[in-house]
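What follows is a single structure, written as structure tokens, with notes after it.
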């Protein structure tokens, strides 16, 4: 649904995108991840037809965004980073205006539908200037859904919302997947991990990694981790020492009340760890896998890239 | 066409929900009323009543009030971030520009139509006077009709200029100030001919008169004469400003 090839964008001397390529398949949620200023918004602005790339090709739903701009734009619902609302309009008036611009048939009916979908039907008659930030975000989202587009592009949709609203929005985006291809950007890594089928990590205008969150973990050879907590005569350091001698363990280090064991090549060492604890006359209190977060993947890839550049 | 209509409707409606539009309309009608009253008093029993006083006052006020109403057209959208959304809608840039322009022009047309109330007063004063004095002839309708057409075209040109400056910056105050300055210079341009030839050569003065906004209605439309060159002039100003504004909006994509 979204196809990007070798996209380059230069702002004068500054190169914001150094030829990035990625794809999003139909019905997929693509997380676009990167620190601030990495080029996320630039990429999205190119995909939505707001501005042309310096070079490279971007296609949405089979239409080239530059050659057949209007056809491509019809297929996209877009929520920019600053939610684009007219404060002097009512929620309903705004959505009906957007529906009219999008040539939606049965505007009134569709407006009611999306209002219900985002849970704003009770404030339909309110002026946009009088509703809260979270509600504005939802109205912005309603706007992007009004023409039921096959592709949704959301630029940092969860920014500035309270935790409950963020959770709401995340599950809402997940539900959209059945009918839409969603591409959304974020710099919150756990967010991408929770709701994305695939993640593209971008830094300084370059893609540093892409794949399913699980794939990324194994691709970067981070192995897996296990947290072990035991009670007995030995202290944490001694326990770490013992456990690091177990076969298949890279290293072990004290963490909180126990020890975190780093495992090579995703081997299942849990039985061996349990046996090692018991053999040393300790009581095993806890043994559980620790998920490696995208935070760590992200740090890994971005620092690796930084190191390359410095060298 | 359909998209222009959509944008047009929103723009026009927008004027009726914003307080500044009502304030401008109030101020314009009040000032015209004062001028109209004074003029009527001055002429009483000396000269025939003149309906074009309302129009020349309206034109003069446009120089200052047009920027107040056009400055938000693009500047506000740029600042609020809504322009980004508009430019990713399946509409062409010129449709957006033309729709906005027509919306603003329609608001002015409504304002201009409201001034017809003064013509109604004049008509009733001149036609229903039971003992007409020789000086109190009937109202001359030619200049009034011509004047309304001329001032309508003139206001279209001022709006197009105001909109151009609104598209240039995201700061409404700067947009308003720049268009006010430019409109004022264009409006008084024909006065250059009054300066001694040693300061401004006749050729320069003539050139300034030709591009001045005032000279194209004061000696033609307001006399009841509709000259094609004046119509072309205002239509040309509108066309050029709309074209340049479209380019300016397009250029946001490249910046």
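The values are calculated or read from the model by the stated rules, or taken from the named source; none is laboratory data. None of these values were measured; they are calculated from a predicted model. In this analysis, Cβ positions are derived from the backbone assuming ideal geometry, glycine residues included, and neighbour counts consider all displayed protein chains.
Check residue A:117 against each of (1) crowded, with 21+ Cβ neighbours inside 10 Å; (2) more than 28 Å from residue A:7 (Cβ to Cβ) and name the one condition it does not meet.
With (1) crowded, with 21+ Cβ neighbours inside 10 Å; (2) more than 28 Å from residue A:7 (Cβ to Cβ) applied to residue A:117, the lone miss is (1).
Considering the range A:242-258 alone, what residues qualify as being exposed (fewer than 13 other Cβ atoms within 10 Å of the Cβ) and not in a loop (DSSP other than H, G, I, E, B)?
Our first condition is that a residue be exposed (fewer than 13 other Cβ atoms within 10 Å of the Cβ); within the range A:242-258, this holds for A:245, A:247, A:250-251, A:256-257.
Passing the criteria: A:250, A:251.
Going through A:273, A:305 one at a time, which residue ends up being assigned to a helix (DSSP H, G or I), at pLDDT below 70 and surrounded by 15 or more Cβ atoms within 10 Å (Cβ to Cβ)?
Every option except A:305 fails the conditions.
Just checking, which of A:185, A:190 is assigned to a strand (DSSP E or B), touching a residue at least 12 places away in the same chain (Cβ under 8 Å) and either closer than 25 Å to residue A:4 by Cβ or within 16 Å of the chain's Cα centre (by Cα) (or both)?
Numbers: A:190 fails: assigned to a strand (DSSP E or B).
The match here is A:185.
Kindly provide the set of residues from the range A:31-57 that are in a strand (DSSP E or B) and surrounded by fewer than 24 Cβ atoms within 10 Å (Cβ to Cβ), ordered by number. Steps first, answer last, please.
Kept after step one, since they are in a strand (DSSP E or B), are these residues of the range A:31-57: A:31-33, A:55-57.
A:55, A:56, A:57 - these are the residues of the range A:31-57 that are in a strand (DSSP E or B) and surrounded by fewer than 24 Cβ atoms within 10 Å (Cβ to Cβ).
Give B:243, B:165 a once-over and let me know the one that is away from chain A (no Cβ under 14 Å), under 30 Å from residue A:45 (Cβ atoms), crowded, with 19+ Cβ neighbours inside 10 Å and modelled with pLDDT of 90 or more. Full working, then the answer.
Working: B:243 fails: crowded, with 19+ Cβ neighbours inside 10 Å.
Only one candidate qualifies: B:165.
Given the criteria surrounded by fewer than 19 Cβ atoms within 10 Å (Cβ to Cβ), within 26 Å of residue B:181 (Cα to Cα) and within 14 Å of another protein chain (Cβ to nearest Cβ), does residue B:76 qualify?
Values: surrounded by fewer than 19 Cβ atoms within 10 Å (Cβ to Cβ): no; within 26 Å of residue B:181 (Cα to Cα): yes; within 14 Å of another protein chain (Cβ to nearest Cβ): yes.
Answer is no for this residue.
From A:56, A:62, A:27, which residue is free of Cβ contacts under 8 Å to residues at least 12 places away in the same chain and assigned by TED's automatic domain parsing to the domain that holds residue A:79?
A:62 is the lone residue from the list that is free of Cβ contacts under 8 Å to residues at least 12 places away in the same chain and assigned by TED's automatic domain parsing to the domain that holds residue A:79.
Does residue B:85 qualify as being out of contact with any helix residue (DSSP H, G or I) (no Cβ under 6 Å at 6 or more places or on another chain), under 30 Å from residue A:104 (Cα atoms) and at pLDDT 90 or above?
Yes: the conditions hold for residue B:85.
Can you tell me which residues in the range B:9-19 are assigned to a helix (DSSP H, G or I) and within 11 Å of chain A (Cβ to nearest Cβ)? First the steps, then the outcome.
Let us first name the residues in the range B:9-19 that are assigned to a helix (DSSP H, G or I), namely B:9-17, B:19.
The answer is B:9, B:10, B:11, B:13, B:14, B:15, B:16, B:17, B:19.
Test residue A:67 against the criterion of being under 27 Å from residue A:3 (Cβ atoms), in a loop (DSSP other than H, G, I, E, B) and more than 10 Å from chain B (Cβ to nearest Cβ), and give yes or no. Quick ask: steps written out before the conclusion?
Values: under 27 Å from residue A:3 (Cβ atoms): yes; in a loop (DSSP other than H, G, I, E, B): yes; more than 10 Å from chain B (Cβ to nearest Cβ): yes.
Yes.
(1) more than 14 Å from the chain's Cα centre (by Cα); (2) part of a helix (DSSP H, G or I); (3) at pLDDT below 90: which one isn't true of residue B:30, the others all being true?
Going through (1) more than 14 Å from the chain's Cα centre (by Cα); (2) part of a helix (DSSP H, G or I); (3) at pLDDT below 90 one by one, residue B:30 breaks only (3).
Output the residue which, of all residues in the range A:59-68 that are touching a strand residue (DSSP E or B) at 6+ places or on another chain (Cβ under 8 Å) and at negative phi, is modelled with the lowest pLDDT. Before you say what the answer is, go through the steps one by one.
Initial filter on the range A:59-68 (touching a strand residue (DSSP E or B) at 6+ places or on another chain (Cβ under 8 Å)): A:59-61, A:64-66.
Checking which are at negative phi leaves us with A:59-60, A:64-66.
Working: A:59: 90, A:60: 90, A:64: 90, A:65: 88, A:66: 85.
Here the answer is A:66.
Pick from B:34, B:40: which is loosely packed, with under 15 Cβ neighbours inside 10 Å and away from every other protein chain (no Cβ under 12 Å)?
Values: B:40 fails: loosely packed, with under 15 Cβ neighbours inside 10 Å.
Exactly one residue qualifies, and that residue is B:34.
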